[in-house]
Amino acid sequence: MSAAARYSRPRFFPLGQWNQVPPAEVRDQLRHAFSRWGMPVNMRVDNGSPWGSKGEFPSELALWLIGLGIEMIWNTPRRPQENGVVERSQGTGNRWCEPQTCNSVAELQKRLERMDQLQREVYPYRDRLSRLAYFPGLANSGRTYSAESEANDWRWNRVTAHLSNYVSVRRVDGNGSVSIYNRGYYVGRAFHGQSIYVTYDPDTNEWVFSDASGCELRHKTASEISQERVMALNVTDRRK
C-alpha cells in the first residue's frame, strides 16, 4: 500500500483546485500526517503540482521529502492505474461521503474522517478482520517524526545524491540558453537548436552541460540548489 493510502485526509480541497494549493500548505499537512502515523519508507505520487516537475528534476517539495529519507516514486505520466489503491480510495470516499450534500467543508471533513476510521478499523477486510487488525503496522510506520526533530533528521546529502542521478535533455534556445527550474543558463549561441544533456555535480554544486558525445560544454553554479532554498520550498523561479 502506498503512503498516501494509509493516511486520513487531514484537509479537504475542493475537486479541481488541488493545483492551486501552495506547496507549503501541502507540507504542513504532510507534517501533520507524519506526526500521527510516522514517516513512510516511500511515497508514490503523480506528476502534477506540487509533486512533479515539467523540467524532469524533482520539485522542491519532493526534494524536501527526499531530505527526510523518503524515497519518491513517480507514476508514469497519464497512467493513474499505477496508483490504483489510492484512486479507488478516492472513488469510495466520494460515494460514501457524498460531498455534494455537505453544507460546509467542515461537514465534509467530518464525514471523511469517519469514513477513514470505518474503512481502517471497522469494515471487514480479510478473515473477518479490519485492515488495522490484519495489518497492525498501519497504526504507525515505526519511523517517528516530530517538528522538533526534523532539523536533525533531514540530510542535505540525500538531496544532492538524488539529483546526481538525473540526466536531462534540454534544447538550446535562440539566446543560447536552456532552462532549469525556470531559470536560464547560458550555454552558447553556437549550440542554438541543439539538444544537450544536463547533469548535476554534487561535489561542486554545479550544472554540467554536455553534448551528445559526452563532451562537456560548460558548467555553471547551481545557485537554486541549496539547503536553504529547499527548506523554504523556493527552488523553482515562479516569477516567469
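The values are calculated or read from the model by the stated rules, or taken from the named source; none is laboratory data. Keep in mind the model is a prediction, meaning the values are calculated, not measured. As a convention, Cβ positions derive from the backbone with ideal geometry for all residues, glycine included, and neighbour counts pool all protein chains shown. The accessibility values were calculated without ligands, DNA or RNA, using every heavy atom of the protein model including side chains. Shrake-Rupley method; radii C 1.70, N 1.55, O 1.52, S 1.80 Å.
If you go through the range 144-159 one residue at a time, how many are more than 20 Å from Gln29 (Cβ to Cβ) and either charged (D, E, K, R) or open to solvent by 80 Å² or more (accessible area, probe 1.4 Å) (or both)? Please lay out each step first, then the result.
If we filter the range 144-159 for residues that are more than 20 Å from Gln29 (Cβ to Cβ), which is where we start, we get 152, 155-159.
When the remaining residues are screened for being either charged (D, E, K, R) or open to solvent by 80 Å² or more (accessible area, probe 1.4 Å) (or both), the result is 152, 155, 157-158.
Total meeting the criteria: 4.
Within the range 31-72, the set of residues being more than 16 Å from Asn165 (Cα to Cα), in contact with a Phe, Trp or Tyr (Cβ under 7 Å, 6 or more places away or on another chain) and polar (S, T, N, Q) comprises Ser35, Asn47. For the residues Ser141, Ser89, Ser104, Ser164, the requirement of being of a type in the set (Ser, Thr, Tyr), open to solvent by less than 60 Å² (accessible area, probe 1.4 Å) and free of Cβ contacts under 8 Å to residues at least 24 places away in the same chain singles out Ser104.
Looking at this structure, is Glu113 outside any loop (DSSP other than H, G, I, E, B) and either among the basic types (Lys, Arg) or touching a residue at least 40 places away in the same chain (Cβ under 8 Å) (or both)? Before the answer, list the steps.
Values: outside any loop (DSSP other than H, G, I, E, B): yes; either among the basic types (Lys, Arg) or touching a residue at least 40 places away in the same chain (Cβ under 8 Å) (or both): yes.
So Glu113 passes the test.
Within the range 217-224, one or more residues are open to solvent by less than 50 Å² (accessible area, probe 1.4 Å), within 26 Å of the chain's Cα centre (by Cα), closer than 21 Å to Ala24 by Cα and not aromatic (Phe, Trp, Tyr). No other residue among Phe135, Phe57 is among the aromatic types (Phe, Trp, Tyr) and closer than 22 Å to Gln227 by Cα apart from Phe57.
Say we look at the range 122-140 and pick out the residues that are in contact with a Lys or Arg (Cβ under 8 Å, 6 or more places away or on another chain) and not hydrophobic (A, V, I, L, M, F, W, C); which of these is nearest to Thr101 (Cα to Cα)?
Restricting attention to the range 122-140, the residues satisfying the condition of being in contact with a Lys or Arg (Cβ under 8 Å, 6 or more places away or on another chain) are 123, 125, 130-132, 134, 138.
Filter again for not hydrophobic (A, V, I, L, M, F, W, C), leaving 123, 125, 130-131, 134.
Working: Tyr123: 23, Tyr125: 28, Ser130: 28, Arg131: 28, Tyr134: 33 Å.
It comes out as Tyr123.
A search for C-beta distances below 7 Å between a residue of the range 60-72 that is farther than 12 Å from Leu233 by Cα and part of a helix (DSSP H, G or I) and any residue that is open to solvent by 10 Å² or more (accessible area, probe 1.4 Å) and not β-branched (Val, Ile, Thr), counting only pairs 6+ apart in sequence or on different chains, returns Ile66/Met72; Ile66/Arg158; Ile66/His162; Gly67/Trp154; Gly67/Arg155; Gly67/Trp156; Gly67/Arg158.
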